[in-house]
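To start, the structure itself, in structure tokens.
The values are calculated or read from the model by the stated rules, or taken from the named source; none is laboratory data. Quantities reported herein were computed from a predicted structural model and do not represent experimental measurements. Every residue, glycine among them, receives a Cβ derived from its backbone with ideal geometry; neighbour counts consider all protein chains shown. To get the accessible areas, we keep the full protein, side chains included, count just its heavy atoms, and leave off ligands, DNA and RNA. Shrake-Rupley method; radii C 1.70, N 1.55, O 1.52, S 1.80 Å.
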Amino acid sequence: MPATSDPAGIAAVEGLVRGLLFLGGFVLLALAERWRPRRGRRHRLDRRRRWTTNLGLAVIDTLVLRLVLPAAAVGAALGFEARGLGAFPMLGLPGWLAAVMGFLALDLAIWAQHVAMHRVPLLWRLHRIHHLDTALDTTTALRFHPAEILLSAAWKILVILVLGIPAAAVLAFEAALSLAALFNHADLDLGRADRPLSRVIATPDWHRIHHSTVPAETDSNYAFLLTLWDRLSGLARTAPAGGHDAMNIGLQDDPAGQASLPGLLILPFRKHEPGSSNRFA
């Protein structure tokens with residue numbers, strides 16, 4: 001990529017392309033959920049209300065991210081790459097090796113961020129919004145507080161800067177992560193293919209365990225893309241104790257579970273309600 005390229009302009013085009021890819025994946029997976037549901041209609045609860053809330057958060061997240069960090073990760077990577085910044089360029093790594101290592105490093109960084117979101121009290125107040133969804137489908141992949149989206153983007157940019165990850169690898173990772181999140185949150189029955197596939201990537205059955213109301217299960221299976229990090233850290237769990245059909249989704253006995261969209265936006269800044277899921281009380 002030439003050094004005269006405009007990172008913000010290229011990032012805008014990248015955002016459009018990735019958005020269309022994301023939209024296509026969302027539509028296909030939403031249709032697949034109806035064709036082969038894993039848990040069925042009885043677990044979907046009030047779909048209209050949930051979808052309104054989750055899609056509303058997605059729109060707000062996109063607007064806030066483009067306003068605060070218009071170049072985002074790919075634009076930042078282009079700027080750093082043009083200046084030769086980061087460990088990979090300093091070490092003179094071949095482009096293909098830097099791309100592979102960069103992709104893996106970004107996935108590990110997002111996995112570590114996810115673990116931190118559960119274990120650091122301030123970060124949990126933001127991430128709790130995601131886990132308050134009381135059913136699980138493709139729209140749950142969009143259910144994040146905008147402050148968490150900004151922190152995640154800033155964290156990725158820092159990792160890209162320190163390592164000097166090639167922009168092509170960042171683009172590939174961003175696209176893969178978006179599609180993987182839609183896929184592993186889907187209420188989709190993969191049959192016998194789910195278990196062997198989960199040895200490599202996070203599948204719907206793998207990630208669903210992470211959304212269980214059972215704390216020991218919530219504190220497992222953090223992977224969005226590669227399950228390698230869960231297995232190496234000892235945080236992998238292959239099945240929920242009560243089985244997938246019987247498991248409850250969300251945060252146990254949390255009164256904020258039915259909060260409206262405005263309520264979710266201000267929830268991290270409010271004092272925890274009695275009986276709420278304050279993991280650090």
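In table form, for the structure just shown:
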item	result
For the stretch 144-211 and the stretch 215-239, distance of Cα centres in Å	13 Å
Per residue accessible area of the stretch 171-250, 1.4 Å probe, in Å²	38 Å²
Of the DSSP H helices in the chain, those whose Cα atoms cover at least 24 Å axially and whose Kyte score averages 1.6 or more	146-163
Whole-percent carbon and sulfur share, accessible surface of the stretch 20-110, 1.4 Å	72 percent
Candidate values (i) 58, 49, 38; (ii) 54, 42, 37; (iii) 69, 45, 29, label of the one derived for Cα extents along the principal axes in Å	(ii)
Gain on full stretching of the segment that runs from Leu91 to Leu20 - 0.36 nm per residue minus C-alpha separation	22.0 nm
Cβ-based charge dipole, the chain, positive-most Cα from Trp206, Ile149, Val115	Trp206
MRE, 222 nm, helices only [DSSP H, n ≥ 4, -39500 (n - 2.57), over the chain, to nearest 500]	-19000 deg cm²/dmol
Whole-number D in µm² s⁻¹ for the stretch 96-217, Kirkwood Cα-pair radius fed into Stokes-Einstein, 10 °C, 1.306 mPa s	102 µm²/s
GNM top mover of Leu235, Leu264, Leu23 - the chain, alpha-carbon springs below 10 Å	Leu23
